[in-house]
1. Among 68, 27, 144, which one shows the highest mean-square fluctuation when the chain is modelled as a Gaussian network with alpha-carbon springs under 10 Å?
2. How compact is segment 2-152 by the rule of thumb for globular proteins, expressed as Cα Rg over 2.2 N^0.38 Å?
3. Expressed in whole Å with the largest first, what are the equivalent ellipsoid semi-axes of segment 43-132 derived from the C-alpha gyration tensor as the square root of 5 times each eigenvalue?
4. Need the full-extension length gain, residue 50 to residue 24, defined as separation in residues times 0.36 nm minus the C-alpha distance. One decimal, nm.
5. Quickly work out the residue 140-to-residue 67 label distance, labels modelled 7 Å from Cα along the C-beta direction, and quote it in nm with one decimal.
6. Multiply the residue separation of residue 91 and residue 132 by 0.36 nm, subtract the distance between their alpha-carbon atoms, and state the gained length in nm to one decimal.
7. What FRET efficiency do you get for residue 16 and residue 150 if R0 is 25 Å and r is their Cβ-Cβ distance, rounded to the nearest 0.05?
8. Given the DSSP H assignment, sum -39500 (n - 2.57) over each helix run of at least 4 residues in the chain and divide by its residue total; what's the result at 222 nm in deg cm²/dmol, nearest 500?
């Protein structure tokens, strides 16, 4: 496990206390794309924390370029927890009344689709079926907030 990362921007290094698997197949994914909708490219770093048979857990970090006191710098933006959002969703509340379900950090990944940040949260249902909640984010009020949650069943 790698612990601690440096991101260099405009000749300055910033240290971040992130973790990532040391296996070269799972190096951090770095994406430079406008996902906030402001016309400026954002830096997105997706780290792999756990990977194995039937499990994969990732975390995301999003940076915006800001300007202060005559200098550009990168500032990390808050990203609302997709797991908490799923637990609070009406769909999840209805689902757990019908059947035993488990939502955890071991089935979580992020991706960028059509300039939008999307999280996929796996849901283990009846200890046999793996379903998925797709969480789409919107940049609003200084952070990435959940815009929508969609449930996809494997059946």
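1. 68
2. The reported ratio for this selection is 1.14.
3. Taking √(5λ) for each eigenvalue gives 32, 15, 9 Å, largest first.
4. 8.0 nm
5. The modelled label-to-label distance comes out at 2.7 nm.
6. So the chain would gain 13.6 nm between residue 91 and residue 132.
7. Computed FRET efficiency for residue 16 and residue 150: 0.20.
8. Dividing the helical sum by the residues of the chain leaves -3000 deg cm²/dmol.
Read-outs throughout are calculated quantities, based only on the coordinates presented, and are distinct from any laboratory measurement. Worth saying up front: this structure is predicted, and the values here are computed from it rather than measured. When we count neighbours, we look across all protein chains shown, and the Cβ atoms used for this are built from the backbone with ideal geometry, even at glycine.
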